[in-house]
Every structure is written in C-alpha cells, then in structure tokens.
Amino acid sequence: MKPLLEVEDLVVDIPVAGGDLHAVRGIDLSVEKGETLCIVGESGCGKSLTSLAIMDLLPTKARRHAARIAFDGIEIQSLRPRQMADMRGDRMAMIFQEPMTSLNPSYTIGNQLIETYLAHRRTSTKEARDRAIDLLERVGITAAASRLAHYPHQLSGGLRQRVMIAMSLMCEPELIIADEPTTALDVTIQAQILLLLAELQRELGMAMILITHDLGVVARVADKVAVMYAGEIVEAGRATDVFASPSHPYTTGLLECIPVPGKTAPGARLGTIGGIVPSLVGDVAGCAFRDRCRFAAPTCAEPAPAQTASVGHSYRCWFPEGARMPSTVEGLVHGH
Amino acid sequence: MVTDPPTTAHPVLELRAVSKVYRVQTTMFNRPRDLRAVDDVSLQLHRGDVLGLVGESGCGKSTLSRLLLGLEAPTSGEVLIDGKPMTGTSIRDRARRIQPIFQDPYASLNPRKTVADIIALPLRVHSIGERSDDAKRVTEMMDRVGLPARMLLNYPNQLSGGQRQRVAIARALVMRPEIIICDEPTSALDVSVQSQILNLLMDLHDEFGLTYLFISHDLSVVQHIASRVAVMYLGRIIEARKSTQLFADPLHPYSKALLDSVLTPEIGMGLPETNLGATFPNPIDPPPGCAFHPRCGHAMQRCHKERPPTLREGSDRVECWLHDDLEAEQTRAVDAQRSTAATPDTV
C-alpha cells in the first residue's frame, strides 16, 4: 500500500549566532492510512520541528529542504502558501501540547470551531455549528451546545484539549499530527485523551503522528516508532519490535532510565545516560551519540551506517548488537 | 525506596488536623466563597521517611508543601516540628531544618547570580561559618551533587536543566537541613536526566540521613523512591500507607484509578480504561458526602450523603465507605467477581 505521508531526507536548518543549527538532519518517515507513528526523543532532538516542517509551519527564519515530502502523492514543497493553507486544517491537522496557548483566549470555542469549518467548506454557519456540537459530543464533552459560548479559560485543561481535538477533526482530516497532546495533563486525563484519540482514529481511519518524550505513551499507542536523537532518527521500526529488542545504545539507555513498577526494584539505582547532547551548530560529523555511548570506538567519528535488526526494524550504529565492546575511547564525559 | 522509618520515634514533621481555607471571589458580584485547599489533613513524617504525595493538579499538594515549609499559616490545626508547634519557631530556625527543591530549575535560580553565589547565599543569610570558608563548603557541596568545580562561576543560563536542578539541590543541602520538601523535582527534566537526579536524591538521603516529602504526579517515580505514600484528593488524604502495600493493593478506588493510569513502557498492554469521567470537581463546590463519589465506579447510596470516616490501622489509613464494614466487604466481593468476569464498563 502506498503510504499517506512520505518524508525523505528532511533537513531543517536554523541560522543562529555562530552558524547554522542543524536541528533536523536528514530523516525519513512514512505513515500509512490508519496507522500511528510515534516520534520519541528528548528535548531539543528535533521532533517538534519535524512536525512543523511537515505542516509547513516552521518559524520564518528556519530553512526546510527534503528530497520529498509527499502527502497522498502531492509534493508539499511545490505547493503555493495558499494551497498549503487549504490543505492544513482540512486534510491534515495538528494538535498542540498546551491548548491554553493554541486556542485564542478572546474568542469563544464555538467561534473557533465554526471558523475552522467555514474556512474549508462552503456551507452555512448553522451547519458548521451543528457539526461543532456533534464533534464536541464525540470527544466526550457534555452539554456541548452550551459549551460553544464558553471561552477557553472557562474550561479545565482536559476539556480544552478535547476542544482542541474536536477542532482538529472538524474537516475529517486524513492525517493528524499531535505534538505532546497529553504532556500538560494529569495522568488520569492523559489515559482518557489517548484512548479518545485511538478510538477516533480507528473510527475515522485517520493516520496519526504522535510526538512525545514519554516511552510509556509510545508503548501503549504506537504501531510504528521512530527514536530521534540530535536531529536524526537513530532507531525505527514496528513498536513491538523496537520494545522487544531495542537496538541502538540510546534506545536501550533510555529504557533503563525509567523505573517500571513490578520490574525495577524500588530504590535500585536507575540507569543513566552520561554526558549531554552535542551542539548541533556548525558541522556535525559522525555518530552524534558517541560522546555519551558506553560502546563508543574511534570509528564512531565517521557517520554511522544503518543496521537491520529485523524486517522493518533498523538502527544507526557502527556496531551490531553482538559486536559491541565497552568503550576505551579517551576523554569520554561520563557521569554528569 | 529507602530504609523503613522507625515508627516509634516521634515524627520530625507533623500536620495535625490542618486545614487551609482561601477566600476567593468567583465573579465581581458574588460574595467571596471558601476554597478548602487543604481539608483536615493529619500527616506524619518520621526521620528517614520518604513520603510520596500524589494526586491530580488542584488537589492541594502544593498548598500542603507550603504549609510544611511555613510559607502559609494553616487556617486551623497545627504544624509541628519535632513535636513543637511551628508557630513558635522563627523563620530562620525553620529554614535551617526544612528546605525546598522546586519543579522548575529555570525559574527557581536567580539568573544574575553565579552558581557559587546561589549555593552560598543560605550560608550568608543564616550567618553560618566564616565567609572565608564559603568557597570550601560550596565546592564540597558541588562535588557531592556532581557539579564540576569549573562551573563555580557560571550563570544558570549556561547550565543544562539537570545541572540547574543539581544547583538547586546543592543550595538546599548546604545548610545541612533534616527535611527536604521536593515539589515535582524531576518533572521538568528529560528522562535520562531524571534518572540521574533520582539516583542523586536517593544517595543523599542515605548519606545525610534526610527526610523527604516527595511530591510528584509520576507514580512510577513515587513507587521507586518512596517508603510511604499519601494519596490526596480535593484537599484530603484519602489513603496513606506503606508504598509496597499501596502499590500492591490500593484500597481506595481513586488510588486504584491513579495506579491504573500509569503508562509503563511495556508493549501490548494497551491503554487503561479508568472510568473516571472527564471532570475534576470544582474545589469551590466540592460534592457532598465522599468528594470522589461522582467519579467512583463503586459509589453507594451512602457515599452521596455522608463523608466516609478515616479508618486507621497503625499509621495506615483510608477514607472510603467500601472499607467501613461487612456490608461493604460483600459489595467488594461482588465487584471483584464482576471485574474478574471482565465485563467492560461503560463510561
């Protein structure tokens, strides 16, 4: 089946003092209809910029280029801004982390929901209003008709995020990009929102790219996962494969950092990843993880090749899993 | 988890029937109303305890920590340090014994002071030791929390999030307090940094014999680090027990829902169905009876009208009608059957 979204060799550069910040460094992605892809990584790894690049919402000074960004066969890079704007919110929609900052505080939620619909559909306000009510009910908001007159500040965080989801669904998009949709919410609400997204996705056959820092979320919702580090995808594959046999030293390291009730003994020392993320300003050469990797060797100063763990599960490292030796490279910063 | 607390010694920090009520004006024309942020809370911290405090946002966790730090005075009830009322002690005294570590190391450090100044400030404020000894104390403490000495003259904006949190920890520890109130100390950090800070907090606990109140929304972290856990809902502690017991067999339906909501990185588990309903009640208008009843799958007639009593057993306790008497025992048994039959409930 042809993927709904195909991204090949996506690069995002941001000019900063001292050169270019290579925030996203040549990543490939593909999402099929009805599929959930999770992009996971720590702050600054380029996961959010990747999503903004796909939506063509990057900050003006950021430069994007890619061999290909194809949505349903349409090359997005060749679209005029007007055509892209028509596509956004209609065929592809985005859900942001903090609904308080992405909803307009001075308009009612009804206004904002209806406006989204009217911007893309030739229809009456009445019809748009009915659809807004319908969707608010669908995302679990009671007394939806009366909620339309509410302003964002009158709703709780969980409700605001539901409104945000309803808004993204107004035009029945084929692709939803959700950037940390539950990070600002309580754990109990987080589970509900993720469940809601999963249900709606199944019901409407949407594809979803979910961007998160939380491997717990990934394990529970992803079909496919891409682990990002310093602007690159270091490991990608079906979620079942990646969690069953995490293969990049960064992925294994991350999983060891998280205490898992019932598995990690309470009070036991948690795994750590020493060192800090390298600067991505100026030339970046070789494996970006080598300064923090316990298996680093001199060869790691050269760009790491892709290795295949199993069908559709690959990672970027000089050493396949069996061939790793504890690092002897001098000057490795460890500990802090 | 750290060593079990001695239960016989009297608590180093104690809340006795503490309430904190704020007057809030909801709209311009309404009369101000009372918001019970903390409602009749009794809590004990023994030397060496790591007490985890969990609950949703708005449940009163932070107000509770402010009461313990002496930053707020209780409306009623008493806060005791070493068995003596806190009202009788000076702020200076309190600050030497209890120190906070806050969530956001970006906001809690003065951007115009160097690391050395930030860590030394408590020493100066409290006139501890000679000024000439400051440098030694500061470098010792930096070494202890894992900050290289070359960062002595750096400013907070030159440090990473993890390093800033280490500065905050060094500042809290430089006066050698006994009690640390950690308010979401790792929530703003990446997981790889979070684990370093948790390891450090556990080491420091053992090394300095510290007592922690560890506030967090992350139950995996609390289970890992806490020896006891208190679950808070709408200003009340609805369950407080030993961590191992609470996580193995939560008694209150809310505790259970919280535990169920934890998303561990394990594949094939799917998403939990907590049946909690979408809305956290408005704390200005708490529901009558048991405040949790509108969201509770086990709510009985009685839960709508009467607030459940606090059932105690040693220092353990739970506030829930389900655990009150035999009748409730039977209801539980039926529920247990129902849940083993795995009939999915509808929201």
Practice problem: Using the Kyte-Doolittle scale, find the helices of chain B whose mean hydropathy is at least 1.0 and whose Cα atoms extend 15 Å or more along the helix's long axis, counting only whole DSSP H runs. | Solution: B:115-125
Exercise. Identify the GluC sites (Glu not before Pro) of segment B:64-153 meeting these criteria: DSSP loop state and at most 12 other C-beta atoms within 10 Å of the C-beta.
Key: B:GLU130
Self-check item: Rounded Å value of the spacing that divides the Cα centres of segment A:135-186 and segment A:100-114
Solution: 10 Å
Self-check item: In segment A:179-280, trypsin sites (Lys or Arg not before Pro) in a DSSP loop with at most 16 other beta-carbon atoms within 10 Å
Solution: A:LYS263, A:ARG269
Quiz item: Taking +1 at the Cβ of each Lys and Arg and -1 at the Cβ of each Asp and Glu, which of B:VAL54, B:MET202, B:ILE181 sits farthest along the dipole of segment B:13-340 towards its positive end, judged by Cα position relative to the Cα centre?
Solution: B:ILE181
Quiz item: Using the Cβ atoms and a cut-off under 10 Å, what net charge is assigned to the surroundings of A:PRO3, where Lys and Arg are +1 and Asp and Glu are -1?
Solution: -2
Quiz item: If the cut-off is 16 Å between C-alpha atoms, which lysines fall inside it for B:LYS84, apart from same-chain ones fewer than 8 positions away?
Solution: none
Self-check item: Cα centre as origin, Lys/Arg/Asp/Glu Cβ charges: the protein assembly as shown dipole, Debye
Solution: 1620 debye
Quiz item: Pick from B:ARG312, B:ARG166, B:ARG97: which residue has the top mean-square fluctuation in a GNM of chain B where Cα pairs under 10 Å get a spring?
Solution: B:ARG312
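Could you give the dipole magnitude of segment B:13-340 about its Cα centre, charging the beta-carbon of Lys and Arg +1 and that of Asp and Glu -1, in debye to the nearest 20?
Roughly 1140 debye, rounded to the nearest 20.
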Quiz prompt | DSSP bridge pairs, segment B:13-340: antiparallel proportion in percent, nearest 5 | solution = 60 percent
Self-check item: Of B:MET202, B:MET269, B:MET232, the one that fluctuates the most in a GNM where chain B has Cα springs shorter than 10 Å
Solution: B:MET269
Self-check item: Furthest towards positive pole of dipole, A:THR252, A:ALA268, A:ILE189, structure part segment A:159-272, Cβ charges
Solution: A:ALA268
Self-check item: segment B:271-305 versus segment A:32-83: alpha-carbon centroid distance in Å
Solution: 42 Å
Exercise. For the protein assembly as shown, just say rounded, prolate or oblate: build the C-alpha gyration tensor, square-root its eigenvalues into a ≥ b ≥ c, call rounded for a/c under 1.5, and beyond that prolate if a/b exceeds b/c, oblate if not.
Key: oblate
Exercise. Please work out the Cα center distance from segment A:233-269 to segment B:169-211, rounded to the nearest Å.
Key: 24 Å
Quiz item: Where does chain B land on Rg(C-alpha)/(2.2 N^0.38 Å)?
Solution: 1.07
Quiz item: Of all trypsin sites (Lys or Arg not before Pro) in segment A:1-64, which ones are in loop regions per DSSP and have a Cβ with at most 10 other Cβ atoms within 10 Å?
Solution: A:LYS61
Practice problem: Could you sort out which of B:LYS256/B:LYS305; A:LYS263/B:LYS20; A:LYS61/B:LYS113 sit more than 27 Å apart by Cα distance in this structure? | Solution: A:LYS263/B:LYS20; A:LYS61/B:LYS113
Exercise. Give me the distance in nm between label points sitting 7 Å out from Cα along the Cα-to-Cβ direction at B:ARG23 and B:ASP93, one decimal.
Key: 3.0 nm
Exercise. Given the options A:GLY267, A:GLY41, A:GLY275, state which has the largest fluctuation in a GNM of chain A using a 10 Å cut-off (strictly under) for Cα springs.
Key: A:GLY267
Exercise. For segment A:23-91, build the charge dipole from Cβ charges (+1 Lys, Arg; -1 Asp, Glu) around the Cα centre, then report which of A:PHE71, A:PRO81, A:GLY46 sits farthest towards its positive end.
Key: A:PRO81
Exercise. Only Lys, Arg, Asp and Glu count, each charged at its Cβ (+1, +1, -1, -1), so figure out the dipole size of segment B:211-258 about its Cα centre, rounded to 20 debye.
Key: 120 debye
Practice problem: Can you bin segment B:83-190 into rounded, prolate or oblate? Criterion: square roots of the alpha carbon gyration tensor eigenvalues sorted a ≥ b ≥ c, rounded for a/c under 1.5, prolate for a/b above b/c, oblate for the rest. | Solution: oblate
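A short reminder: the numbers here are calculations on the coordinates, not readings from a lab. Every value quoted in this text rests on a predicted model; they were computed, and no experiment measured them. Please note: Cβ atoms are built from the backbone with ideal geometry, for glycine as well, and neighbour counts cover all protein chains shown.
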